[in-house]
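These notes are about the structure you will find just below.
The values are calculated or read from the model by the stated rules, or taken from the named source; none is laboratory data. Keep in mind it's a predicted model, so treat the numbers as computed, not measured. No Cβ is skipped: glycine too gets one built from the backbone with ideal geometry, and neighbour counts run over all protein chains shown.
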Amino acid sequence: MTKEEILQRTKAFLLDLDGTVSLEGVPLPGVTATLSRLRSAGKRLVFLTNNSSKTRKRYEAELARTGLFETGDLVYTSGNAAAEYLNAHFRGKRVYLSATEEVKREFEAAGVNVVEECPDVCVLAYDKELTFEKIKKLDGFLRQGVYFLATHPDDVCPAKGGSMPDVGSFLALFQRSSRRAPDVIVGKPYPYMADSVAGRLGLKKEELCMVGDRAYTDIRFARNNGLKSILVLSGETTRDMLSSIEDAPDLVLDTICELL
């Protein structure tokens, strides 16, 4: 699919954050101007991130401060998706949440019953405040057979000078220690976020295009849900990796700026 075809057929672009439009909160060169041109062309912009270490409000403030976010844009994280999933399937149930304190408060504000003992559900978010005590407690609950939800499966999070361990790496730890894999993962590449965002925008999935730097989450997410897809080489995926990826995107660009 060509750039022109994607632009013509897309009403909303779903934009990954880390490695796609920014790196550790700093916009990648030329991205701010590119997003402004997309808005001027009548395209909706959704910052769709698996990174559940921050709240939606924190992301909105940070993106606005750097010029990436404007009125009419939407931020949606795997943490938001997890809270919605809990309210839809486990409303009122006791939830042990391994997450940063600000994300815990966001879950509580969304009506999730966050507890420290005797949970019905365990949730693992991108907890950058993870301690051994948290690991030990969560591992114990998983060994008891408590329902297990993870926000997303990313192995690493792109960062300046390298990458940081992400939830996928934490999941490998718990799979070894408790012999448990998540009962459900709500973030990319799984369907829940696509269904929710399409509903929020009032659009069909075929009118959405996912732009991201990871084939195994962003592009697989698009293929799993009938979205168009653009893989950018400004984050985790490099050109040398293209020949070995299983999920072929509709288009490969060095950066999102090449779209226009």
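Of all the residues that make up the range 41-91, how many are surrounded by fewer than 21 Cβ atoms within 10 Å (Cβ to Cβ), among the basic types (Lys, Arg) and closer than 18 Å to Glu108 by Cβ?
The number of residues fulfilling the criteria is 4.
Among the residues in the range 179-195, are any among the hydrophobic types (A, V, I, L, M, F, W, C), within 29 Å of Lys228 (Cα to Cα), surrounded by fewer than 17 Cβ atoms within 10 Å (Cβ to Cβ) and modelled with pLDDT of 95 or more?
Within the range 179-195, one or more residues are among the hydrophobic types (A, V, I, L, M, F, W, C), within 29 Å of Lys228 (Cα to Cα), surrounded by fewer than 17 Cβ atoms within 10 Å (Cβ to Cβ) and modelled with pLDDT of 95 or more.
Are any of the residues in the range 178-187 of a type in the set (Ser, Thr, Tyr) and without any contact (Cβ under 8 Å) to a residue 40 or more places away in the chain? So that I can check it myself, show each step before the final result.
Taking the range 178-187 first, the residues of a type in the set (Ser, Thr, Tyr) are 178.
Keeping just the survivors that are without any contact (Cβ under 8 Å) to a residue 40 or more places away in the chain gives 178.
Scanning the range 178-187 turns up at least one residue that is of a type in the set (Ser, Thr, Tyr) and without any contact (Cβ under 8 Å) to a residue 40 or more places away in the chain.
Tell me yes or no: at least one residue of the range 11-19 is in contact (Cβ under 8 Å) with a residue 12 or more places away in the chain and touching a Phe, Trp or Tyr at 6+ places or on another chain (Cβ under 7 Å).
So far as the range 11-19 goes, yes, one or more of its residues are in contact (Cβ under 8 Å) with a residue 12 or more places away in the chain and touching a Phe, Trp or Tyr at 6+ places or on another chain (Cβ under 7 Å).
Could you identify the single residue in Phe47, Phe69 that is in contact with a strand residue (DSSP E or B) (Cβ under 6 Å, 6 or more places away or on another chain) and within 23 Å of Asp195 (Cα to Cα)?
Exactly one of Phe47, Phe69 is in contact with a strand residue (DSSP E or B) (Cβ under 6 Å, 6 or more places away or on another chain) and within 23 Å of Asp195 (Cα to Cα), namely Phe47.
Counting residues that are modelled with pLDDT under 95 and of a type in the set (Ser, Thr, Tyr), which helices (runs of 4 or more DSSP H) fully inside the range 1-117 reach at least 3?
Answer list for the range 1-117: none.
Within the range 138-169, which residues are within 21 Å of Arg220 (Cα to Cα) and either among the hydrophobic types (A, V, I, L, M, F, W, C) or assigned to a helix (DSSP H, G or I) (or both)?
Listed by number, the residues that qualify are Leu149, Ala150, Val156, Cys157, Val167, Gly168, Ser169.
Can you name the number of the only condition in (1) acidic (Asp, Glu); (2) crowded, with 23+ Cβ neighbours inside 10 Å; (3) part of a loop (DSSP other than H, G, I, E, B) that Asp218 fails?
Status for Asp218: all satisfied but (3).
Just to verify a result, which residue in the range 199-215, among those that are in a helix (DSSP H, G or I) and over 15 Å from the mean Cα position of the chain (by Cα), is nearest to Ile256 (Cα to Cα)? Step through it out loud before you land on a result.
At the first step, the residues of the range 199-215 found to be in a helix (DSSP H, G or I) are 199-201, 205-207, 215.
Then keep just the ones that are over 15 Å from the mean Cα position of the chain (by Cα); that gives 199-201, 205-207.
Values: Gly199: 25, Arg200: 24, Leu201: 22, Lys205: 21, Glu206: 20, Glu207: 18 Å.
This residue is Glu207.
For Thr151, all conditions in the list (1) farther than 19 Å from Lys134 by Cβ; (2) surrounded by 17 or more Cβ atoms within 10 Å (Cβ to Cβ) hold save one; what is the number of the exception?
Exception for Thr151: condition (1).
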